[in-house]
Each structure stands twice: as structure tokens, then as C-alpha cells.
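The values are calculated or read from the model by the stated rules, or taken from the named source; none is laboratory data. Fair warning: this is a prediction, and the values are worked out from it, not measured in the lab. No Cβ is skipped: glycine too gets one built from the backbone with ideal geometry, and neighbour counts run over all protein chains shown. Heavy atoms of the whole protein, side chains included, go into the accessibility calculation; ligands, DNA and RNA do not. Shrake-Rupley method; radii C 1.70, N 1.55, O 1.52, S 1.80 Å.
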Amino acid sequence: MLAAILSLGCIGMVAAIALGIAAKKFAVEVDPRELAAMEVLPGINCGACGFPGCAGYAKALVTGKAEPNLCPPGGAELMTKLARILGVEAIVMARQTAVVLCQGDNRKAQLKFRYLGLEDCNAAQRIAGGPKACPGGCLGLASCQRACPFDAIEMTADGLAVISREKCTGCRKCVAVCPRDVIRMTPYESSVHVMCNSHDKGAAVRKYCQVGCIGCHICHKTVPEAYKLEDFLATVVYEQDAQAFEAIPKCPTKCIRDFNEGYPEGSTFLPINNDKSDAA
Amino acid sequence: MKLRTFKGGIHPPDNKHWTSHKAIEDCPLPDELVVPLSQHIGAPSVACVEVGQHVAKGQEIGSAKGFVSVPVHASTSGEVVAIENRPHPFGTPLPAVVIKPDGEDSWSSNLQFTDPGSLTSDELIEKVRQAGVVGMGGAAFPAHVKMSPPPEKPIHTLLFNGVECEPYLTSDHRMMLEESERVLQGVALLQYVYGAERVVIGIEANKPDAIALLKKQCADAAVEILPLQVKYPQGAEKQLIFAATGREVPSGGLPMDVGVAVHNVSTAAAVTDAVMLGRPLIERVCTVTGPAIKEPKNLRIRIGMSLSHLVEVCGGLVEEPGKIILGGPMMGFTQVGLDVPVIRGSSGLLLLREEDIANSPEGPCIRCARCVQACPMNLMPTTIAAYARRDLVEETEEYCAMDCIECGSCSYVCPASIPLVQLIRHGKAAVLAKKRNALL
């Protein structure tokens, strides 16, 4: 009995000493700033910064390979925190949000054919360029919704992706997965968007979509600095869009939408900035 | 004697009785021919004629761009009325030369008869390239590329594919019956090019008349007629090679890696025309069939005829088709409408009614492994599909998704109606995209 206790005790002692020495000798030096950065990073490993996960970004930060303003999900608050940890000046990136520039759901936009394949936009796009007659419109097969790590995208009953401005952190995962480039990153402050992604001529757009941009220039004539037209498609000039909302009632196809007034038809998301009208 | 075949495969109803007894008919010329400049695997051709120009039948209207590319020719004489993007069987509108036939249908005077005996094999290959001959089984791979294997990979066995395992299609069958001489002449020419010791024509046993005829005609020639078990996809290149030679093409390899070259019997006939008469590939036999068509036929069609013209020649539609497929039901391309033209790879036009389309909802995988048994490439379709569905690209590749020949046997047998081959195709595209990105 005594022998057993002693021998086991000795083995334990030796092993403990060996482990202790090994721990000291092979200790991996971790920059305390890296640990601190890991503490504040969101930890969702979305990859928006371009590094493999939050740990990868933390490492890149302390080795000076990355700027502290590359984490869109963390927002301005995180960027200042990271800058403080690293001891550098904070250059805060403006908050961006993803918008699906399309309102042509299955009731408003025509289909070229009935698609019976996989529930995946990329698979559908490979078959004759997708079932939607419009070459730029949302296919509505929810690839972006599945890619979103923040549950910020919903599909309406008529097959249109809608992104919540509040839940979207700007990680761009949906932008990467969309085969039709219909999702765009826009400044969070800009709530007015031209909801169309078709560069076809007006007559062609009218044939396949009730709510597409026909390139009529009316918005540009109303607020010249806030809209530009390229290849029969109007887009908002986001740097100077303060008065962009003035063109909304003039648009003949109701293609311009102010997200502060409401989300596209069928969406359950509610605009948060309703206080604008209260203040006025 | 037990017939030779490969492992796996399926037995779909072959539905060849609609047209297998019907002789090939010449399809009358329509008012307009739309000849796409992209009809083959490889770089599209570039238009070399102008709008308003008069072209003769067989005149080159699109010149080849690069080695893996072939020229395109006018299918009849007439005036070029437009060179623009037109609907294409691949789905999106692609550049095409639109010809208004002048009704004369006169051959270009540049074409001449040549004695093949006076040609070296390189000259012969050049003639085939100039004639725009591509694989006519459906994939339309330029024949001259296949005919020029690197010297370190000699071809000892030359295989001809008269299997036609796709249900409904009978164009190769009729070719072998009615134009066996053209086919056999092409076989001899190709044998000369490759210098192959063994020449085999593989035919599925459901075409006994073709087997008997070719056997009779080849009695004294060194061409072996090999009847094969009736099974889909017996006509797939690698499956045919295994059945005929017992050799397996290595993963990611080509038939020439095992010393074999495979050509379709219709391609052999096109080679005959190209070499002996200098005539380019401007027509082919196409089976117009299916329950939605009034009078199914085997038609000799010109490249560029619209599907609606073919339907008209076959007596019109019984009812609005639920599905239009260019090619066979297993591997053909579903079409959006009837306004697309036929191209060199179009072996058939299949029109199905709404009620013929099985569209049952997808269920969960019950791990029955029927897809594994059916897979002619010995893959695990259910596993690859599961990975592909979740966009796990590395795992998809690891399970050899790239070896999938997309024959659709797995989807056909799946009792849960899982779109297996569709998922695998999706996965393959993801693997290719990843490889492309790695190169950039």
C-alpha cells in the first residue's frame, strides 16, 4: 500500500517537474495585444476582413499587416477599441450596408422559363442565364440568405431577397455569393436607392418587369447631382444624395425607394428611422 | 454468349420504337438559317463574311480561333442578312450568321474530290479540321484535336461508337443502316490516320439489323463488330472503352492514356465527306421524337435550322410541350423555346408533354446506395452531392467529383428524388471556379 502511494507519488512529481520545465521552455510568446484584440473582436469568423477568421485578423493586426478598420461587423465602436489596443490613430470606416437593388419579385417580373433545378442562385444562373427574364434581377433562390451569418436577409413570399439595414453588418458575404451582382454595398446613411439592376433599354425592361428602371432621366432632371445614368440605368450618387428623395414621386415605374419610408413589398422588416417625420 | 459491358448503369425504357424503323428524310430548307459561330467545345469561331454578301453552300463563314476550334460553314447558298446575337442552345444569345437561302442550294466551287490514297495523315487531319468536323455524339469536341495524339501516346485500338444508349434517339442507328458505306469509309480513313492495330465498332444489342449489316459488310475487313449489352450509359466513352478492351481510363485521364481513341459512327461519316469530297460538316441526322410531336421522324437537317421548323416538318405539336430537350432525355440540354437553331452536336430533338415530366418532391436520403450501384464511374453520388450542397469544395473534389460523367444514372434511380447529378454538377462548377481563382 505504502509502496504504491510512494511510487505513484514519485512518478507524479517527476512528470509535474518535466511538464513545468517544458511549459517554460517551449512557451509560445503571444503578444498581449493579440489576446486583447481577440477579446473585442466579434468572434463570428465571417472573413469580411480578408483574413482567416477573427484570430487571423488579430494576428495580422499586431504584426502590422492589417489596419484596425477592416471589421465591418464590429462597426465604428470596435475600430476605435482596436486602435486603442494597438496604440494608433483610429480611422473609422463609414458603416456600409448591403442592398438588393431589385424589386421585381415573381409577380412583378416575368420568367423566361420554369426552373425545376436546385434551390441555389448559382446553379440556376448556369442554366440559360437563370429563369428570370431580366438579366440583372434577383433570382430569389435564397443563396444570399444562406450565406448571411447575421440572419439579416429574408425572402419574401414572391421570391425577392430583402436585407435588413439594421441587422446587416456589411460583411459582404452575400455580395460574394450572388451570381447576378444585384447586391451592392452602400453607405448606411444613404437610404434612397434606385431598385434596379438591368442595363437593358427601357422598352425591353418594360416587357419583363413592372418596376424596373427604364432610363427615362426624370430622376436626373429633378435632382441632377444625386443621380447618374449609365447604359439605361439610373443609380444614386451616394456622396451627394441629400436631396435624392425628391425624385421618388416623379419616377414613372416607382423604381426609387427610400428605405426609411419602408422596405420593398412583402418584407416584414420595418424602417427604424421613422422619427424623421416626427422631427419635421 | 454473355455480352460485354461495364459495371453499374441503368435500364431506362428506350422508347426507340417511335423512329427506329423510319428511314432518314431530307428536311426542306426554311426561309432563314441561323448558323451559330459557337457550336463546339473550345474557342468560338469569328465571322469572316459581311452582311449583304452572297455565300455558297459549304463556304467558310466563321474562321477557327486557336487549335481547339473549328471553322463554321454556310449550310446553304444565299445572302448573309445579319451577324448578330441570336438565341442559342447553350441558353444565352450568342453570335450567329443569319443566312437567307436563295433556293439554288449550290455548292461552293472550291470543294473538290480528293483521292485519300494520295494524302499523308497530317494532310488528312488538316482536311478534317477545315471541314469543321466535331464529335457528333453530342459533346462536339473538335475531331482533329482527337486525331492528333502526342507521339508518346500511340493509339493501338480505335473504337467507334454506334451504341446510342440514350433513350428515344435513333439517328446513329439509321446512319449505320442507310449509310454504312460512308461510315465504313470513314472508319478506314481514321484507322489510316491513327495506324491502329485493332478497330472495333461497338453497337448495343438492341440494334440487331445494324449489327448484321455491318458484320456482312466487314466480313473481309479487319473491323470487328462488337455487340454490347443494352444498358445506359454504354455509349459513354470510358464505359465503351472498358466494355471493348477491359481497360479503365485513369482518373482525370484521357482515352489516349490507355492507347484508345473513340469516335462516333456519324463522325466517321463526316470524316468521309470531308476527306473524299472536301465537303464541310453542314448537315447531320437528327431524331425528332417524343410524345408531344405528331409524326416522329429521322431528319437530315442543315445546321442552323430552327427547332420550330423541325417541328413543322414533323406535322406540328400534339399539345404545348412541357419540356423541349435538344439531345437525349438523359444528357440533352433543356431548351427555353423553339426559336433556337440546331447545331453540329444536336443528335435529337425530344418534345415531352407536361404529363411525361416526373417532378416529385425531394425527400431525405435513406442510404440505400442505389446511386452507388448505378454509378458507372464507381463514385459515391450521395456523398458528393451532400458535400456539393453545403459548398464544401475541397471534400467534393476529394471524393472525385471531377470524374463524374454527368450521365444522370444516380438521379434516375434515387427513390428519394434527390437531384444528385444536378448537385454534383453544381459541385464540379465550384471546384473549377476554385481552380481558376487559384491560378489568378
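Observations
- Matching residues in segment B:401-432 - criterion: being open to solvent by 50 Å² or more (accessible area, probe 1.4 Å) and more than 14 Å from every other protein chain (Cβ to nearest Cβ): B:402, B:412, B:415
- The single condition from (1) open to solvent by less than 70 Å² (accessible area, probe 1.4 Å); (2) not in a loop (DSSP other than H, G, I, E, B) that residue B:79 fails is (1).
- Residue in segment B:54-67 that is in a loop (DSSP other than H, G, I, E, B) and charged (D, E, K, R) present: yes
- Some residue of segment B:385-395 being farther than 19 Å from residue B:252 by Cα and in contact with a Phe, Trp or Tyr (Cβ under 9 Å, 6 or more places away or on another chain): yes
- Hey, residue B:115 among the acidic types (Asp, Glu), open to solvent by less than 60 Å² (accessible area, probe 1.4 Å) and out of contact with any Cys (no Cβ under 8 Å at 6 or more places or on another chain) or not: no
- Candidates A:64, A:53: the one that is open to solvent by less than 30 Å² (accessible area, probe 1.4 Å) and not assigned by TED's automatic domain parsing to the domain that holds residue A:161 is A:53.
- Check on residue B:395, modelled with pLDDT of 90 or more and either assigned by TED's automatic domain parsing to the domain that holds residue B:239 or closer than 30 Å to residue B:230 by Cβ (or both): no
- Extreme residue, surrounded by the most Cβ atoms within 10 Å (Cβ to Cβ), among residues of segment B:1-54 that are more than 30 Å from residue B:145 (Cβ to Cβ) and of a type in the set (Val, Ile, Thr): B:19
- Answer from A:185, A:195 - the residue that is more than 14 Å from chain B (Cβ to nearest Cβ), open to solvent by less than 10 Å² (accessible area, probe 1.4 Å) and either modelled with pLDDT under 95 or under 17 Å from the mean Cα position of the chain (by Cα) (or both): A:195
- From the list A:241, A:200, A:231, the one residue that fits, being assigned by TED's automatic domain parsing to the domain that holds residue A:131 and surrounded by fewer than 13 Cβ atoms within 10 Å (Cβ to Cβ), is A:231.
- All told, residue B:135 meets the bar of being touching a residue at least 12 places away in the same chain (Cβ under 8 Å) and closer than 30 Å to residue B:191 by Cα.
- Candidates B:388, B:358, filtered to the one that is open to solvent by less than 30 Å² (accessible area, probe 1.4 Å) and within 11 Å of chain A (Cβ to nearest Cβ): B:388
- Every condition in (1) polar (S, T, N, Q); (2) at pLDDT 90 or above; (3) not in a helix (DSSP H, G or I) holds for residue A:145 except the one numbered (3).
- Residues in segment A:153-168 that are of a type in the set (Gly, Ala, Ser) and surrounded by fewer than 22 Cβ atoms within 10 Å (Cβ to Cβ): A:157, A:159, A:164.
- Unmet criterion (only one of (1) open to solvent by 20 Å² or more (accessible area, probe 1.4 Å); (2) more than 14 Å from chain B (Cβ to nearest Cβ); (3) touching a strand residue (DSSP E or B) at 6+ places or on another chain (Cβ under 7 Å)) for residue A:150: (3)
- Looking across segment B:313-346 at every residue that is among the acidic types (Asp, Glu) and within 14 Å of chain A (Cβ to nearest Cβ), the one that is least open to solvent (accessible area, probe 1.4 Å) is identified as B:339.
- All of (1) at pLDDT below 90; (2) in a helix (DSSP H, G or I); (3) under 30 Å from residue B:351 (Cβ atoms) hold for residue B:140 with one exception: (2).
- On the stretch given as segment B:143-170, residues that are in contact with a helix residue (DSSP H, G or I) (Cβ under 7 Å, 6 or more places away or on another chain) and in a helix (DSSP H, G or I) total 2.
- In segment A:44-140, counting only helices (runs of 4 or more DSSP H) that sit wholly within it, the ones holding 2 or more residues that are modelled with pLDDT under 90 and within 14 Å of another protein chain (Cβ to nearest Cβ) span A:121-126.
- Residues being out of contact with any Asp or Glu (no Cβ under 9 Å at 6 or more places or on another chain) and not in a loop (DSSP other than H, G, I, E, B) - total across segment B:313-343: 8
- Summed over segment A:83-132, the residues that are touching a Pro at 6+ places or on another chain (Cβ under 7 Å), open to solvent by less than 10 Å² (accessible area, probe 1.4 Å) and within 23 Å of residue A:169 (Cβ to Cβ) give a count of 1.
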